[in-house]
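So the structure is just underneath, and the comments pick up after that.
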Amino acid sequence: MREGQEVVVQVSKEPIGTKGARVTSHISLPGRYVVYLPTVEHIGISKRIGSDKERARLREAIEAMKPPQGGLIVRTLAEGLTKKQLKADVGYLVRLWGEIVKKREMGERAPAVLYSELDLVLKTARDLFTDDIEKIVIDSREEYQRLRRFVEVFMPDRVSAIELYEGEEPLFDAYGIEDEIGRALSRKVPLSSGGHLIIDQAEALTAIDVNTGRFVGKGSRDLEETILQTNLEAVEEIAYQLRFRNIGGLIILDLIDMERASNREKVRRKLEQLLAKDKAKTTLNRISELGLIEMTRKRTRESLGRIMNEPCFYCDGTGNLQSRQTVAYEILRQIKRERLSLRGYSVVINAHPAVVDLLRNEERAAVTEAEKRYLRRIELVPKKEYHLEQFDLIGK
């Protein structure tokens, strides 16, 4: 490879936080049942297909229809499919790659987009519309018709499961989605037992703390049983929150301490079973001596919190504000800094009402001392529209 050479690459990982996008020259085109790898000679079967017999059948089928160039990976959804269904998917992807190559050969100069992945609506139908999904409900007539056309081609037997929502209230309200999003953006997540989770997402890792709250184990034999039940309920909620919030990277779970090794293992096994359903790759360690579980979850895009929220421009994402006292004394120091440039015999301080109230009462002596020291009269003006840390000085 040399400088100035044009290279066809694919974005394999979206930008996350301060990290830029990851690109690769090994192109992969996902279909509903197979993934086509036009630049790699490889045949693979999804690890989630557990039956050796079914894996062997699919491998034999896919090897028979492998195109002259490239390789194929059979997706989990292909389990139990006929050769005809697989062949249709492979044919579509080979034609798609042909169109991409043709577009490049027609003289597209870099940088240029040769192919874009399906948008959210169609990608959701392709990847998530499995047999265990009852229906897709959509409130846009235009998107509903577009989705039906897509499903008619790729999943004709599921067309009747596409439903147009025409209710009066917003779709998210009708299905309780707004409440779920609210829970997913909250730091504190309640558990039905009365306990709760505290989820703190930082740059390096995500920490999840489990607390019993009001749960004292009514009817349980002892405290250990109470803790076990809370931890079992907590890991169920944790597995759900990881998927819904799309939390990735290093994750530390701080469970409530359990004395019995058998109980710790029971909780770990339960979490392992729940994570097996997660489409993102996860790794899970045993509970440490400190009662912590270290785990990782593959991260390919921003989490829900990072997409829907942005850092507070007042606290810069710390979650803390300066106290009234800190702001009050900063104001008095600022008078000293600017005293020579402030005209007139008075200094007007515009500040948040809570800060002004503090300077007029508890800190009145400090204001009087400043007036004597700088030979200026200090006027305090409350401004309701000001932020707690905001103030300005005017000489008159």
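Cβ-Cβ contacts under 7 Å between residues 6 or more apart (or on different chains), taken from a first residue in the range 96-112 that is touching a residue at least 40 places away in the same chain (Cβ under 8 Å) to a second residue that is among the polar types (S, T, N, Q) and assigned to a helix (DSSP H, G or I), are absent.
Being among the aliphatic types (A, V, I, L, M) and without any contact (Cβ under 8 Å) to a residue 24 or more places away in the chain holds for only one residue in Leu292, Leu255, Leu284, Leu304, and it is Leu284.
With the structure loaded, tell me whether Ala370 is in contact (Cβ under 8 Å) with a residue 24 or more places away in the chain, part of a helix (DSSP H, G or I) and not assigned by TED's automatic domain parsing to the domain that holds Asp254 or whether it fails that test. Taking the combined requirement at face value, the residue satisfies it.
Taking Arg260, is it surrounded by fewer than 19 Cβ atoms within 10 Å (Cβ to Cβ) and either modelled with pLDDT under 90 or assigned by TED's automatic domain parsing to the domain that holds His196 (or both)? Yes: the conditions hold for Arg260.
Here Ser262 passes the criteria (1) of a type in the set (Gly, Ala, Ser); (2) closer than 30 Å to Gln145 by Cα; (3) not in a loop (DSSP other than H, G, I, E, B) except the one numbered (2). Identify, from the list Phe313, Phe391, the residue that is in contact with a helix residue (DSSP H, G or I) (Cβ under 6 Å, 6 or more places away or on another chain), of a type outside the set (S, T, N, Q) and not assigned by TED's automatic domain parsing to the domain that holds Thr206. Of the residues listed, the single one that is in contact with a helix residue (DSSP H, G or I) (Cβ under 6 Å, 6 or more places away or on another chain), of a type outside the set (S, T, N, Q) and not assigned by TED's automatic domain parsing to the domain that holds Thr206 is Phe391. Among the candidates Glu385, Glu389, Glu362, which residue alone is part of a loop (DSSP other than H, G, I, E, B) and in contact (Cβ under 8 Å) with a residue 60 or more places away in the chain? Going through Glu385, Glu389, Glu362 in turn, just one is part of a loop (DSSP other than H, G, I, E, B) and in contact (Cβ under 8 Å) with a residue 60 or more places away in the chain: Glu389.
For the range 234-250, the criterion of being modelled with pLDDT of 85 or more and part of a strand (DSSP E or B) is satisfied by at least one residue.
Restricting the range 72-88 to residues that are touching a Leu at 6+ places or on another chain (Cβ under 9 Å) and part of a helix (DSSP H, G or I) leaves a set whose member that is farthest from Gly4 (Cα to Cα) is Ala78. Residues being loosely packed, with under 14 Cβ neighbours inside 10 Å, among the polar types (S, T, N, Q) and on the phi < 0 side of the Ramachandran plot are entirely absent from the range 348-355.
Residue-wise test of (1) closer than 23 Å to Ser160 by Cα; (2) among the charged types (D, E, K, R).
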| site | (1), (2) |
| --- | --- |
| Ile73 | no, no |
| Leu77 | yes, no |
| Lys87 | no, yes |
| Leu120 | yes, no |
| Thr124 | yes, no |
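Look at (1) at positive phi; (2) in contact (Cβ under 8 Å) with a residue 12 or more places away in the chain and you find that Gln10 fails only one, number (1).
What about Thr318, is it free of Cβ contacts under 8 Å to residues at least 40 places away in the same chain, out of contact with any strand residue (DSSP E or B) (no Cβ under 6 Å at 6 or more places or on another chain), within 16 Å of Phe391 (Cα to Cα) and polar (S, T, N, Q)? Even if it seems obvious, please write down each step before you answer.
Details: free of Cβ contacts under 8 Å to residues at least 40 places away in the same chain: yes; out of contact with any strand residue (DSSP E or B) (no Cβ under 6 Å at 6 or more places or on another chain): yes; within 16 Å of Phe391 (Cα to Cα): no; polar (S, T, N, Q): yes.
No: the conditions fail for Thr318.
Of all residue pairs spaced 6 or more apart or on separate chains, those with beta-carbon atoms under 7 Å, a first member in the range 326-342 that is aliphatic (A, V, I, L, M) and a second member that is in a helix (DSSP H, G or I) are Val327/Val355; Ala328/Val355; Ala328/Leu358; Ala328/Leu359; Leu332/Ala366; Leu332/Ala370; Ile335/Ala370; Ile335/Tyr374.
May I ask you to list the residues in the range 101-121 that are outside any helix (DSSP H, G or I), exposed (fewer than 10 other Cβ atoms within 10 Å of the Cβ) and within 32 Å of the chain's Cα centre (by Cα)? Quick ask: steps written out before the conclusion?
Of the residues in the range 101-121, the ones outside any helix (DSSP H, G or I) are 106-119.
Still in the running and exposed (fewer than 10 other Cβ atoms within 10 Å of the Cβ): 106-107, 109, 111, 113, 116.
Pro111, Val113, Ser116, listed by residue number.
Here is the figure for the range 179-210: residues that are among the acidic types (Asp, Glu), part of a strand (DSSP E or B) and under 16 Å from the mean Cα position of the chain (by Cα) total 1.
When each of Gly70, Gly98, Gly50 is tested for being closer than 16 Å to Leu37 by Cα and under 34 Å from the mean Cα position of the chain (by Cα), the lone residue that passes is Gly70.
Out of the residues in the range 283-313 meeting the condition of being assigned to a loop (DSSP other than H, G, I, E, B), among the hydroxyl-bearing types (Ser, Thr, Tyr) and surrounded by fewer than 14 Cβ atoms within 10 Å (Cβ to Cβ), tell me which one is nearest to the chain's Cα centre (by Cα). Looking at residues that are assigned to a loop (DSSP other than H, G, I, E, B), among the hydroxyl-bearing types (Ser, Thr, Tyr) and surrounded by fewer than 14 Cβ atoms within 10 Å (Cβ to Cβ), I get Thr300.
Given the options Ala328, Ala280, Ala276, Ala354, name the one that is in the same structural domain as Val381 (by TED's automatic domain parsing) and farther than 24 Å from Arg373 by Cβ. Reasoning before the result, please.
Working: Ala328 fails: farther than 24 Å from Arg373 by Cβ; Ala280 fails: in the same structural domain as Val381 (by TED's automatic domain parsing); Ala276 fails: in the same structural domain as Val381 (by TED's automatic domain parsing).
Answer to the check: Ala354.
Listed by first and then second residue, the pairs with beta-carbon distance under 6 Å, at least 6 apart or on different chains, first residue in the range 125-145 and aromatic (Phe, Trp, Tyr), second buried (at least 18 other Cβ atoms within 10 Å of the Cβ), are Tyr144/Ile138.
The values are calculated or read from the model by the stated rules, or taken from the named source; none is laboratory data. All values derive from a computational prediction rather than experimental measurement. Because the Cβ atoms are built from the backbone with ideal geometry, glycine has one as well, and the counts that use them run over all protein chains shown.
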